[in-house]
Amino acid sequence: MHKQPRYQRRRIALSAIIFIACLSGSALFLYVQTSIWLNAQQQNAMALAKNQLNSLFSHVQRSAQSMYGLAGAPCTTQTIEALRRQLAITPNVGNIELAASGEVYCSSLQGEVPRGADRRKSYQLYLASDIKALNGHPFVLFHLQNGNYGLYTSTDGYYIRNILESASEHVPVILSTAWGWMSQDGKVHPSTYTASDKAIVIQSGSYPFSLAAAIHSGNVIQTCLEDGRLMIAILILLSAAAALFSYLWTGRPRTPEKLLTEAMKNRELHPYFQPIVKGEHPAPVGCEVLVRWLHKGNIIPPDQFIPMAEQTGLIIPLTQQLIIDVTDKFAAHYQTSTPFYISFNISARHLQSASIEDDFDYFLRRVGSNINLVLEITEREMLTGNDTALNNIERFKARGVRFALDDFGTGYSTLEILHQMPVDIIKIDKLFTSGIGVHRLCNDIIGNITDLATRIGAAVIAEGVETEAQVDFLRHQGDIAYQGYFFSRPLSVDAFKNWLSANAAAGEP
Ligand code: C2E
Ligand code: CA
Ligand code: CA
């Protein structure tokens, strides 16, 4: 029982692995989906922003074109007024400047301006925040050249920032011109922007600017967390459901037959060995193989599955596995100077099968000459004249295999069986042994069984010997071998080998 939690832990661990695997798979799926969606969504938003900017610059361009006539005009009050009038009627334009020979000389904001080197002259679109009168306010300058004369119309960076902001729902979008770029917060950076390889870049087509946005994993994750909460909750629930399903599935009740079949496949069935001893100073003469099912850390006693195995026919593959295990783990290597027998419990079904001789052939061909085979047949499983069984018995006898009648005295047809098949050994059931000195009848029955055995030339093994008093009584009944907890419980193969080393061998039963 103490190992049951380990099985539980395995079930829980498996469910946890399934939960984590489902969750990781879902997270990956969500990430990829969001990343694709974000890309498409971003492209759309940027295409819209590009159109809005194109339309903004077309206003600015139109306003510059309508001022063409003033290019080269002296910066008089009338000129400045004409510039300002134009400002009043054109949307989005904040300032108009006139230039000659590449230098600004007249401005709608400042009037006449001192001439000086002007680096803006080489760009059609100039993005900056260096108009002193605008106190660092961002703006975009549109430049139109008419021969020697130039026209600059500027638009407030505020409009552009609004457009960038609306395109930057999940990922910041920047506006890049040949000179300077504006981040989504409206700040102008007076340098050339270099977009990363992964960035989405959209060229205007109409004006020399582009929009760029780089989608990083952080953006995708943030978008998942912000927009995919319902999806995340559903995926967590589905993963939990898969884990729960696995937990319930691994713990589902299975038919005993299925459990036993799996147990055989998983090598959960092990031979145990109970010594059989004999003599004045009882020493080992043989052992009985008793199967043990080590299931989920528990030992399931054979009484709980052998009857079912016999009914379903699983007893045959079970015994076959046991024969191989006993041979490989013990019998093929055990060397002894005195005869020693290994006794297997055989069901009637197996004895009636065509395979039994082949099954034990594995054992018989591998053991040393001092190792003998005994087959125990329980009296309750009567073999009423089955030809295959009788043939099998005959062939086994020819190979020196002996037969023991198990649980003698507990069935109804003892004499009939004795008549039918040549019994070499009679095993007195532990029911009678435990009654020694308790019920007089048991003492008499044991006496009768040993008499009968002597008469038919069979040896006797008393099962279930637990006390010295029982040994004393049995010793006076005749030449009896003993099997029972008084000498040893059934032992695992290693424990049995140790037990054998510690107890010298005697002789035949
Ligand atoms: P069985 O053939 O009569 O085996 C003897 C049973 O008595 C074993 O129970 C053994 O552990 C138990 N025993 C031995 N000494 C004592 C003792 O001093 N006191 C008491 N109270 N019990 C003792 P186990 O191992 O539980 O096996 C029960 C039955 O299951 C066996 O009875 C046998 O009929 C069947 N069985 C066990 N292994 C196999 C197998 O490999 N094949 C087949 N067909 N049946 C098996
Ligand atoms: Ca037995
Ligand atoms: Ca028995």
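Within segment 424-464, track down each residue that is away from ligand 2 (no atom under 16 Å from the Cβ), at pLDDT 90 or above and under 11 Å from residue 474 (Cα atoms).
Correct list: 436, 446, 447, 450.
Can you name the residue in segment 102-122 that is assigned to a loop (DSSP other than H, G, I, E, B), among the small types (Gly, Ala, Ser) and at pLDDT below 85 and, of all such residues, is surrounded by the most Cβ atoms within 10 Å (Cβ to Cβ)? Outline the logic, then answer.
Of all residues in segment 102-122, those assigned to a loop (DSSP other than H, G, I, E, B) come to 102, 108-110, 113-118.
Right, trim to among the small types (Gly, Ala, Ser) and you get 102, 108, 116-117.
From what is left, the residues that are at pLDDT below 85 are 102, 116-117.
Values: 102: 16, 116: 7, 117: 7.
Out of the qualifying residues, it is 102.
Would you confirm, using the coordinates I've provided, whether residue 432 is within 59 Å of the chain's Cα centre (by Cα), aromatic (Phe, Trp, Tyr) and crowded, with 19+ Cβ neighbours inside 10 Å?
Numbers: within 59 Å of the chain's Cα centre (by Cα): yes; aromatic (Phe, Trp, Tyr): yes; crowded, with 19+ Cβ neighbours inside 10 Å: yes.
Spelling it out, residue 432 is indeed within 59 Å of the chain's Cα centre (by Cα), aromatic (Phe, Trp, Tyr) and crowded, with 19+ Cβ neighbours inside 10 Å.
Being under 30 Å from residue 39 (Cβ atoms) and among the basic types (Lys, Arg), is that true of even one residue in segment 153-164?
Yes, because at least one residue in segment 153-164 is under 30 Å from residue 39 (Cβ atoms) and among the basic types (Lys, Arg).
Determine which member of the set 320, 274, 304 is among the polar types (S, T, N, Q), modelled with pLDDT of 95 or more and within 35 Å of the chain's Cα centre (by Cα).
Values: 274 fails: within 35 Å of the chain's Cα centre (by Cα); 304 fails: modelled with pLDDT of 95 or more.
Just a single option satisfies the conditions, and that option is 320.
Can you give me the ranges of the strands (runs of 3 or more DSSP E) entirely in segment 252-304 with at least 1 residues that are within 16 Å of ligand 3 (Cβ to nearest atom) and either touching a residue at least 24 places away in the same chain (Cβ under 8 Å) or of a type in the set (A, V, I, L, M, F, W, C) (or both)?
So the answer is 269-278, 283-295.
Where in segment 432-509 are the helices (runs of 4 or more DSSP H), entirely inside, with at least 2 residues that are within 16 Å of ligand 1 (Cβ to nearest atom) and outside the structural domain of residue 277 (by TED's automatic domain parsing)?
Numbers: elements: 440-456, 468-475, 493-502.
Hits in segment 432-509: none.
Kindly provide the set of residues from segment 267-308 that are of a type in the set (D, E, K, R) and either farther than 13 Å from residue 491 by Cα or not assigned by TED's automatic domain parsing to the domain that holds residue 376 (or both), ordered by number. Steps first, answer last, please.
First, the residues of segment 267-308 that are of a type in the set (D, E, K, R): 267-268, 278, 280, 288, 292, 296, 303.
Of everything in segment 267-308, those that are of a type in the set (D, E, K, R) and either farther than 13 Å from residue 491 by Cα or not assigned by TED's automatic domain parsing to the domain that holds residue 376 (or both) turn out to be 267, 268, 278, 280, 296, 303.
Run down 96, 80, 36, 18 and say which single residue is among the aliphatic types (A, V, I, L, M), at negative phi, in the same structural domain as residue 166 (by TED's automatic domain parsing) and in a strand (DSSP E or B).
Working: 80 fails: in a strand (DSSP E or B); 36 fails: in a strand (DSSP E or B); 18 fails: in a strand (DSSP E or B).
The match here is 96.
Scan segment 280-297 for residues that are within 34 Å of the chain's Cα centre (by Cα) and within 14 Å of ligand 1 (Cβ to nearest atom) and report the count. Can you show your working first?
Taking segment 280-297 and keeping what is within 34 Å of the chain's Cα centre (by Cα), we get 291-297.
Okay, now just the ones that are also within 14 Å of ligand 1 (Cβ to nearest atom), so 291-294.
Number satisfying all stated conditions: 4.
This table checks each residue for (1) farther than 26 Å from residue 157 by Cα; (2) in contact with a strand residue (DSSP E or B) (Cβ under 7 Å, 6 or more places away or on another chain); (3) touching a residue at least 12 places away in the same chain (Cβ under 8 Å).
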residue	(1), (2), (3)
185	no, no, yes
189	no, yes, no
205	no, no, yes
212	no, yes, yes
222	yes, no, yes
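Pull up segment 328-360, narrow it to residues that are of a type in the set (S, T, N, Q) and either within 14 Å of ligand 1 (Cβ to nearest atom) or under 19 Å from residue 405 (Cβ atoms) (or both), then point me to the one that is surrounded by the fewest Cβ atoms within 10 Å (Cβ to Cβ).
Initial filter on segment 328-360 (of a type in the set (S, T, N, Q)): 335-338, 343, 345, 347, 352-353, 355.
Narrowing further to those that are either within 14 Å of ligand 1 (Cβ to nearest atom) or under 19 Å from residue 405 (Cβ atoms) (or both): 343, 345, 347, 352-353.
On the way: 343: 25, 345: 20, 347: 21, 352: 16, 353: 19.
Of everything passing the filter in segment 328-360, 352 is surrounded by the fewest Cβ atoms within 10 Å (Cβ to Cβ).
Does residue 423 meet the test of being within 16 Å of ligand 3 (Cβ to nearest atom) and more than 52 Å from the chain's Cα centre (by Cα)?
Working: within 16 Å of ligand 3 (Cβ to nearest atom): yes; more than 52 Å from the chain's Cα centre (by Cα): yes.
Yes: the conditions hold for residue 423.
The values are calculated or read from the model by the stated rules, or taken from the named source; none is laboratory data. No experiment lies behind these values; they were computed from the predicted model shown. Cβ coordinates were reconstructed from backbone atoms using ideal geometry, including for glycine residues, and neighbour counts include every protein chain displayed.
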